[in-house]
Amino acid sequence: MLPKDHELFLPGTESDGIKNEFYYSMCYKKGQFLYPEITTAKEMQEFVKNVLKKQGVGTLKRWFYTVSIPQLKRWK
């Protein structure tokens, strides 16, 4: 299950609108991954780190938010 400690980390949704507790809404909506061109966990980590950097998020927080990406169901 995903942590629920921040409003950015809302669960994704299936095509019928039901919440999916395995993926965040910023990556998975309406039963589809939002960035299908990203095909590896490493690519996703770099993508998220770059987005967070543009938002002014510091290095430690960027690491914290991306370190568990390879453990997500999508990459197994």
| task | Starting at the first residue of the stretch 66-76, write each ³J(HN,Hα) from the Karplus equation 6.51 cos²θ - 1.76 cosθ + 1.60 with θ = phi - 60°, in whole Hz, x for Gly and Pro. | result | 10, 4, 8, 3, x, 8, 5, 3, 4, 9, 9
| Lys42-Met26 pseudo-label distance in nm [points 7 Å out on the Cα-to-Cβ vector] | 2.3 nm
| What 222 nm value per residue comes from the helices of the chain, counting each DSSP H run with n ≥ 4 as -39,500 (n - 2.57) and dividing by all residues, nearest 500 deg cm²/dmol? | -9000 deg cm²/dmol
| request: Scan around Tyr28 for amide H atoms under 5 Å from its own, H built in the peptide plane at 1.01 Å from N, and keep only partners 5 or more places away or cross-chain. | output: Leu34
| What is the helix-to-structure angle for 41-54, meaning the angle in degrees between its Cα long axis and the longest Cα principal axis of the chain, kept from 0 to 90 and rounded to the nearest 10? | 60 degrees
| For the chain, how many pairs of lysine residues have a Cα-Cα distance under 16 Å, where the two are 8 or more positions apart or belong to different chains? | 9
| query | How large is the dipole of the chain about the Cα centre if only Lys and Arg carry +1 and Asp and Glu carry -1, each at its Cβ, rounded to the nearest 20 debye? | reply | 240 debye
| request: Only Cα pairs under 8 Å and at least 6 apart count here; give the relative contact order of the stretch 35-76 as a rounded whole percent. | output: 43 percent
| Rounded if a/c under 1.5, otherwise prolate or oblate - the stretch 35-76, Cα gyration tensor axes | oblate
| Excluding exposed DSSP-loop GluC sites (Glu not before Pro) (at most 10 other C-beta within 10 Å), longest clean stretch of the chain | 38-76
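Any read-out appearing in this document is the output of simple, stated calculations on the displayed coordinates, not a laboratory observation. What you see is a predicted model, and the numbers here were worked out from it, not measured in a lab. A quick note on method: Cβ atoms are made from the backbone with ideal geometry, for glycine too, and the neighbour counts reach across all protein chains shown.
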